[in-house]
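Worksheet for the structure shown next.
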Amino acid sequence: MRLSGALLAFAVFVMSQPAFALSCMAPDLARDYAHAAQSDDTYILVRGQLYFDEAALPDRTDERTSRGRVSFDIEGWLAGHSLTDEGFSKPFERDVILRVSCLGPWCGGTAKGEHLAFLRQEDRQWVMALNPCPGMTYARPSAEQEATALACFRGEDCQVE
């Protein structure tokens, strides 16, 4: 009887594993815009080419049992334009900090290339948040995402995507 009890306990444990998975809401530019607008922090919205050392991104796949929350800062460069009433028209070329957050084995991430990103001002630097649950940064932005950003900025109909 003890063996069957142990097997039952093991079966319950194995079947409960998906409950420990990370659950995220779908990224939504309008929701992110509202978050930035309501924040006490200063944000700008920039569309441009992101450059950084992709090898510096954390790989925590060997830390499956870790439940800790940590973050890593990676130096990057963003060249493009920030949002104005006329669209993405104000030149922006600066160093940025990619703040990659991890929760257990799940980490935020991205790749070099075109991005639409909410940058938070931190002292005299701009920080791009890369969280385990995506949002606030959109790789390869669509024309619809750019139109949503402009509508939100102008105070027009800012719909959830």
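The values are calculated or read from the model by the stated rules, or taken from the named source; none is laboratory data. Just so it is clear, the structure is predicted and the values come from calculations on it, not from any experiment. Cβ atoms come from the backbone with ideal geometry, glycine included; neighbour counts cover every protein chain shown.
Here is a yes/no grid of residues against (1) modelled with pLDDT of 90 or more; (2) within 26 Å of GLY113 (Cα to Cα):
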{"position": "PRO18", "(1), (2)": "no, no"}
{"position": "ALA21", "(1), (2)": "no, no"}
{"position": "TYR33", "(1), (2)": "yes, yes"}
{"position": "GLN38", "(1), (2)": "yes, no"}
{"position": "VAL46", "(1), (2)": "yes, yes"}
{"position": "ALA55", "(1), (2)": "yes, yes"}
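Looking at the stretch 98-112, which of its residues are in a strand (DSSP E or B) and touching a Phe, Trp or Tyr at 6+ places or on another chain (Cβ under 9 Å)?
LEU98, ARG99, VAL100, SER101, CYS102, CYS107
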### Message
Consider the stretch 93-105. How many of its residues are within 12 Å of the chain's Cα centre (by Cα), surrounded by fewer than 18 Cβ atoms within 10 Å (Cβ to Cβ) and over 18 Å from GLN49 (Cα atoms)?
### Response
1
### Task
Could you list all residues from the stretch 89-110 that are of a type outside the set (Val, Ile, Thr) and in contact (Cβ under 8 Å) with a residue 60 or more places away in the chain?
LEU103, GLY104, TRP106
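Test GLY80 against the stated conditions and say whether it is under 17 Å from TYR43 (Cα atoms) and in a loop (DSSP other than H, G, I, E, B).
No: the conditions fail for GLY80.
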## Note on the structure
Condition set among the aliphatic types (A, V, I, L, M) and under 23 Å from SER23 (Cα atoms), scope the stretch 106-144, selection surrounded by the fewest Cβ atoms within 10 Å (Cβ to Cβ): answer is ALA111
### Query
From the residues in the stretch 57-81 that are among the hydroxyl-bearing types (Ser, Thr, Tyr) and more than 18 Å from the chain's Cα centre (by Cα), which one is modelled with the highest pLDDT?
THR61
